[in-house]
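Working notes for the structure below.
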Amino acid sequence: MVATTLESPRVETLAGSGIQLIPKEYVRPKDELVSITNIFEEEKSDEGPQVPTVDIADILSDDRAVREKCYERIKDAAVDWGVMHLVNHGISNELMDRVRVAGQAFFAEPIGEKEKYANDPGTGMIQGYGSKLANNASGQLEWEDYFFHLVYPEEKADLSIWPKKPQDYIPATREYAKELRGLATKLLSALSIGLGLEEGRLEKEVGGMEELILQMKINYYPKCPQPELALGVEAHTDVSALSFILHNMVPGLQLFYGGKWVTAKCVPDSIIVHIGDTLEILSNGKYKSILHRGLVNKEKVRISWAVFCEPPKEKIILKPLPETVTEAEPPLFPPRTFAQHMAHKLFRKSQEAIDDSKKVQPQEQNNAETDIPQPEEQQKTVESKPQKIEILKPGEEASTSP
């Protein structure tokens, strides 16, 4: 059977067409394929490093010593990994289940119904139902569809583009966004203390209650007939301050840690939180924005709900805070607005893809080109903070996480 591309741009349609071979646009470069493995086998393994699980129930304790131990656990995870499973986070299982059910119900709608909410990034209409567009020299695509929209503050949310079915989508999502905004304050406070700053400092630096926005991207990863050749989301770091991830307990998230890809376990009742580029910049690299990606599989549909906490695009200059800079630790990042940071990373990656394409003979380009660091390059990236902050999958309005 010859792989062909169907007329519909939706991966769901492609996955349901009965194809046995995926189109070449979805096949990752040869050097990248060596690290793509069976995600279910990876998730079962207890060997090697494991993404830390942090119980934050004590963050509100009246006992100062108990609170400080909780702050230390959060700091350690942010410094060493830049990602953690949060448990006892204060958001009810009932609400998280409502969010999952609502999102799953939307993606269970016929394609024609979902297309009523289609976005059009080419015209600047980025919110809504969409699929990854090619953003690199080789035209590589990701095995996912998505729904993207701003969810907080409420007055900035355009409810006209939110799904009307199921009926609980809007109320469940709005309540969840409010709860996450409160959780963001708790984490930013703990992370401020971890840097030796006053409790509210980091939240102020990313816009405070008035300016920090939350954007949700529901990632829908259909079953893939050749998961060993594709990725749901390619390797990237998040530009956000914090990213919160909820999922349907199907594994897929991988982190590049210690020079290799580590699969995150599915921890019941947890929410995954990523430190984003914004906090890495403000902390002068003390907190890590870790390189991560999403794998797909042929057995189960995976859905994740990523909520990105982002500072205003133009009003704040992002740069290492004075308290994080010393003669021995000079500033690692130049001053930029959030918009400039996103644009710089997009330009850098686009330029690197163009440069790479010039180095490859035409007959080799389909297999050899890539616009993300390869494994040996990724190891250098993780170890070199000034370089790592430049890595991001462009597009998706700088909001990506798997």
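The values are calculated or read from the model by the stated rules, or taken from the named source; none is laboratory data. Since we're looking at a predicted model, the values are computed, not measured. With ideal geometry, Cβ positions are generated from the backbone for all residues, glycine too; neighbour counts draw on all protein chains shown.
Can you find even one residue in the stretch 235-245 that is crowded, with 21+ Cβ neighbours inside 10 Å, within 21 Å of ALA108 (Cα to Cα) and modelled with pLDDT of 95 or more?
Within the stretch 235-245, one or more residues are crowded, with 21+ Cβ neighbours inside 10 Å, within 21 Å of ALA108 (Cα to Cα) and modelled with pLDDT of 95 or more.
Show the residue pairs that are 6+ apart or on different chains and have beta-carbon atoms under 9 Å apart, the first residue being within the stretch 84-97 and at positive phi, the second being assigned to a loop (DSSP other than H, G, I, E, B) and surrounded by 13 or more Cβ atoms within 10 Å (Cβ to Cβ).
ASN88/ILE56; ASN88/ASP269; GLY90/ILE56
Between ASP63, ASP46, which is under 30 Å from GLU199 (Cα atoms), charged (D, E, K, R) and either modelled with pLDDT under 95 or out of contact with any helix residue (DSSP H, G or I) (no Cβ under 8 Å at 6 or more places or on another chain) (or both)?
One residue alone meets the criteria, ASP63.
Identify the residue in the stretch 71-111 that is of a type in the set (A, V, I, L, M, F, W, C) and surrounded by fewer than 18 Cβ atoms within 10 Å (Cβ to Cβ) and, among all such residues, is nearest to GLY128 (Cα to Cα).
Applying the filter and picking the extreme gives ILE111.
For the stretch 267-292, which residues satisfy the criterion of being buried (at least 22 other Cβ atoms within 10 Å of the Cβ) and basic (Lys, Arg)?
Matches in the stretch 267-292: LYS288 only.
Scanning for something in contact with a helix residue (DSSP H, G or I) (Cβ under 8 Å, 6 or more places away or on another chain) and without any contact (Cβ under 8 Å) to a residue 12 or more places away in the chain, does the stretch 106-129 turn up at least one residue?
No: zero hits.
Across the stretch 5-62, what is the total count of residues that are small (Gly, Ala, Ser) and either surrounded by 15 or more Cβ atoms within 10 Å (Cβ to Cβ) or within 30 Å of LEU191 (Cα to Cα) (or both)?
5
Of LYS300, LYS313, which residue is surrounded by fewer than 23 Cβ atoms within 10 Å (Cβ to Cβ) and under 17 Å from SER243 (Cα atoms)?
Step by step, each of LYS300, LYS313 is checked, and only LYS313 is surrounded by fewer than 23 Cβ atoms within 10 Å (Cβ to Cβ) and under 17 Å from SER243 (Cα atoms).
Which one is farthest from GLY207 (Cα to Cα), of the residues in the stretch 158-171 that are hydrophobic (A, V, I, L, M, F, W, C) and without any contact (Cβ under 8 Å) to a residue 12 or more places away in the chain?
Filtering the stretch 158-171 for residues that are hydrophobic (A, V, I, L, M, F, W, C) and without any contact (Cβ under 8 Å) to a residue 12 or more places away in the chain, the one farthest from GLY207 (Cα to Cα) comes out as ILE170.
Out of GLU299, GLU323, GLU329, GLU314, report the one residue that is touching a residue at least 60 places away in the same chain (Cβ under 8 Å), farther than 13 Å from GLU205 by Cβ and among the acidic types (Asp, Glu).
Just one listed residue meets the conditions, GLU299.
Residue by residue, here is whether (1) within 20 Å of GLU155 (Cα to Cα); (2) more than 23 Å from the chain's Cα centre (by Cα) holds:
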{"residue": "TYR176", "(1), (2)": "yes, no"}
{"residue": "GLY182", "(1), (2)": "yes, no"}
{"residue": "ALA190", "(1), (2)": "no, no"}
{"residue": "GLU198", "(1), (2)": "no, yes"}
{"residue": "GLU210", "(1), (2)": "yes, yes"}
{"residue": "ASN219", "(1), (2)": "no, no"}
{"residue": "PRO222", "(1), (2)": "no, no"}
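Hey, can you tell me all the residues within the stretch 136-158 that are surrounded by fewer than 24 Cβ atoms within 10 Å (Cβ to Cβ), at pLDDT below 95 and among the aliphatic types (A, V, I, L, M)?
Passing the criteria: only ALA137.
Can you spot a residue in the stretch 195-208 that is surrounded by fewer than 18 Cβ atoms within 10 Å (Cβ to Cβ) and assigned to a helix (DSSP H, G or I)?
yes
I'd like to know if the stretch 27-37 contains one or more residues that are in contact with a strand residue (DSSP E or B) (Cβ under 7 Å, 6 or more places away or on another chain) and either among the hydroxyl-bearing types (Ser, Thr, Tyr) or more than 30 Å from LEU183 (Cα to Cα) (or both).
yes
I'm told GLY128 meets every condition in (1) under 22 Å from GLU210 (Cα atoms); (2) buried (at least 21 other Cβ atoms within 10 Å of the Cβ); (3) among the small types (Gly, Ala, Ser) except one. Can you identify the failing condition by its number?
(1)
In the stretch 201-210, which residues are without any contact (Cβ under 8 Å) to a residue 12 or more places away in the chain and either farther than 16 Å from LYS178 by Cα or among the hydroxyl-bearing types (Ser, Thr, Tyr) (or both)?
Of everything in the stretch 201-210, just one residue is without any contact (Cβ under 8 Å) to a residue 12 or more places away in the chain and either farther than 16 Å from LYS178 by Cα or among the hydroxyl-bearing types (Ser, Thr, Tyr) (or both), namely LYS204.
When the stretch 36-82 is examined, which residues are found to be among the hydroxyl-bearing types (Ser, Thr, Tyr) and within 15 Å of ALA264 (Cα to Cα)?
THR37, SER45, THR53
Quick check, is ILE161 of a type in the set (Val, Ile, Thr), in contact with a helix residue (DSSP H, G or I) (Cβ under 9 Å, 6 or more places away or on another chain), surrounded by fewer than 20 Cβ atoms within 10 Å (Cβ to Cβ) and under 22 Å from TYR117 (Cα atoms)?
Judged against the criteria, ILE161 is not a match.
Okay, residues lined up against (1) more than 19 Å from the chain's Cα centre (by Cα); (2) closer than 30 Å to GLU41 by Cβ:
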| position | (1), (2) |
| --- | --- |
| ASN284 | yes, no |
| SER289 | no, yes |
| GLU299 | yes, yes |
| ARG302 | no, yes |
| ALA306 | no, yes |
| GLU310 | no, no |
| LEU321 | yes, no |
| VAL325 | yes, no |
| GLU329 | yes, no |
